[in-house]
1. Restricted to the stretch 236-259, and to residues that are in a loop (DSSP other than H, G, I, E, B), in contact (Cβ under 8 Å) with a residue 40 or more places away in the chain and in contact with a strand residue (DSSP E or B) (Cβ under 9 Å, 6 or more places away or on another chain), which residue is farthest from GLY341 (Cα to Cα)?
2. Looking only at the stretch 285-299, count every residue that is over 14 Å from SER347 (Cβ atoms) and either of a type in the set (Gly, Ala, Ser) or in contact (Cβ under 8 Å) with a residue 40 or more places away in the chain (or both) and tell me the total.
3. Could you grab me the full set of residues in the stretch 258-277 that are at pLDDT below 90 and within 30 Å of the chain's Cα centre (by Cα)?
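The values are calculated or read from the model by the stated rules, or taken from the named source; none is laboratory data. Note that the structure is predicted; figures quoted are calculated from it, not measured. FYI the Cβ positions are ideal-geometry reconstructions off the backbone, even for glycines, and counts take in every protein chain you see.
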Amino acid sequence: MSSYQLEKEILNKLEIFFDISPDLFCIAGYDGYFKRINPAVSTLLGYSKEELFSSPINDFVHPEDKDITSKARKKLTKRQPLLNFENRYLTKNGETVWLSWTSMYLENEELIFAIAKDITLKKNLELERNLLLSNLTEINQKLKHLSYTVTHDLRAPVNNFLSIFKLLDSSKIEDAETLELLGMLKSSSDNLNETLNNYVDILYGEDKKNQDIEKINFGDSLNTVLKSIPSLIKNSGTKIKTNFEALKEIEFNSDYLGSIFLNLITNSIKYSKPGIAPEISITTLLSNGKKKLIFEDNGLGFDIDKVKDKIFGINQKFHHHLDSKGIGLYLIYNHIKSLGGAIRVESQVNVGTKFIITFKK
């Protein structure tokens, strides 16, 4: 085969490739008109070759994209190749299609060689996703506002209710059934107030973008928490052993650390084994540069394989206690994660639970 025949065969194959390609192949002149197109161009835009050749290319561009297309074309004439340039075209029936262009300008021939991919589906999916995200954001803001409003409006009457209990002199009430009912009402009101306060903490924690970080002494933080619940500690017979020698201080948020101690201790007391006083061990550990807080108890525990990732979810309950809210561990998890830390749990039924908190380096 002669070189002429070989060249002719190669050109024929290129012609076939040009014609059957699903992408849009175009050759345009410096005058702004198509000089050659493959069938994919006519198929997508819906115009015949004659119609496409007889009008300036800019006539087919979406009105809102004409300016950016003209600017891009001017850059192209300065020997700057056009890569992944996106614009919209209007089809003959008025539909909008998105195209992604790769173009090269041949200055001597005054021709532009361009390949375009139809990315309409991708753009429509992006638009739907953005609309969905926008709607979800708006709904989330409305729900958050509603949560603030409801929580605030409910806390006021509950606090008033608790104030009434403080004013009541139970010593003047002789009827045992009335005293029992009042005790039940007060207990229910206390639980409701605690739940509302916890929800406020959740909402506040989610909105707090720049938590105050300071150096905190573990012992001091724990003592502050214990002073707030002396009756609970005494009445439950809880024993707490501590060892902070390995790590006495940590850079963390003071309110968050207090909340972690409070929720872990009250959970240990709440979920202690019947007839057995809670025993709690709180220690710190410094291992391979990692700063850790270890919290262990001898309580009811739970089947970690059944619980899995649900343990830190909001409103997740693993025991049938009437005062179980399913909020404490959610708060602990978010306090730690929001400051770059991690928490791991080990537990066995009727043996106890161990929380390993690793702080951010």
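1. This residue is THR238.
2. 7
3. Hits for the stretch 258-277 are GLY258, SER259, LEU262, ASN263, THR266, ASN267.
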